[in-house]
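To start, the structure under review is shown below, and the notes come after it.
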Amino acid sequence: MSPDIDGLGLIIDFSGNITGITTDYWSQFHHELHTLPFALFIAVISAYCARGRKLLIGCSSFLMFHLHLLCDIVGSKGPDGYQWPIPYLSPLYTEINLSVPWQWELNAWQNIVIAIIFFVITYKLIKIKGESPLELVSKRMNRALVKIVKKETV
Ligand SMILES: [Zn+2]
């Protein structure tokens, strides 16, 4: 999710709607961190923060970062038809903006099917292994979710 840090301007824009101060940070800066230099930065930070297997964690972070970019390129067209091209080599080289002509909208059926598939896989993993994505945030929350899911099966 680290590439979408550049989308936090949406919160400022939204709060501006309440206070009457108009900003457009989300449109201005979204996808500015969807770049190779930021991918390398995240990989190095991830490896540095890891307690063990630093090379594996760094490489995994780098690959997951690029999976995010691929998903954005393939399936995150805006409702206005704007494709949010990826300035992959920015700020070193700004002429390359990655996009595909067949990109589908963010709320398209393909993304809904993919989300349902991953929800089912996550549910099965919770049931079988007793582990959920909440484990990354809190072991206590993970245990509570596992308890709820396993109760449904009794
Ligand atoms: Zn993104």
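Residues that are within 16 Å of the ligand (Cβ to nearest atom), of a type in the set (Asp, Glu) and farther than 14 Å from residue 88 by Cα within the stretch 7-55 are absent altogether. Would the stretch 6-25 turn up any residue that is surrounded by 14 or more Cβ atoms within 10 Å (Cβ to Cβ), out of contact with any Asp or Glu (no Cβ under 8 Å at 6 or more places or on another chain) and in contact (Cβ under 8 Å) with a residue 40 or more places away in the chain? There is no residue in the stretch 6-25 that is surrounded by 14 or more Cβ atoms within 10 Å (Cβ to Cβ), out of contact with any Asp or Glu (no Cβ under 8 Å at 6 or more places or on another chain) and in contact (Cβ under 8 Å) with a residue 40 or more places away in the chain. Within the stretch 67-91, the set of residues being in a loop (DSSP other than H, G, I, E, B) and closer than 26 Å to residue 41 by Cβ comprises 76, 83, 84, 85, 87, 88, 89, 90, 91. Considering 89, 145, 134, the condition of being surrounded by 13 or more Cβ atoms within 10 Å (Cβ to Cβ), touching a residue at least 12 places away in the same chain (Cβ under 8 Å) and under 20 Å from the mean Cα position of the chain (by Cα) is satisfied by 89 alone.
Residues are listed down the side, and each one gets a yes or a no for (1) assigned to a loop (DSSP other than H, G, I, E, B); (2) polar (S, T, N, Q):
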residue	(1), (2)
17	no, yes
23	yes, yes
26	no, no
34	yes, no
38	no, no
42	no, no
45	no, no
51	yes, no
57	no, no
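Name the residue that is nearest to the chain's Cα centre (by Cα), counting only residues in the stretch 92-130 that are part of a loop (DSSP other than H, G, I, E, B) and among the aromatic types (Phe, Trp, Tyr). Give the steps one after another, and end with the answer.
First, pick out the residues of the stretch 92-130 that are part of a loop (DSSP other than H, G, I, E, B): 92-97, 99-104, 106-108, 130.
Still in the list and also among the aromatic types (Phe, Trp, Tyr): 93, 102, 104.
Working: 93: 24, 102: 21, 104: 17 Å.
Among residues in the stretch 92-130 that are part of a loop (DSSP other than H, G, I, E, B) and among the aromatic types (Phe, Trp, Tyr), the one nearest to the chain's Cα centre (by Cα) is 104.
Read the figures in this text as sums done on the coordinates, not as results from a lab. From a predicted model like this one, the values you see are computed outputs, not experimental measurements. Ideal geometry is used to build each Cβ from the backbone, glycine not excepted, and the neighbour counts take in all protein chains shown.
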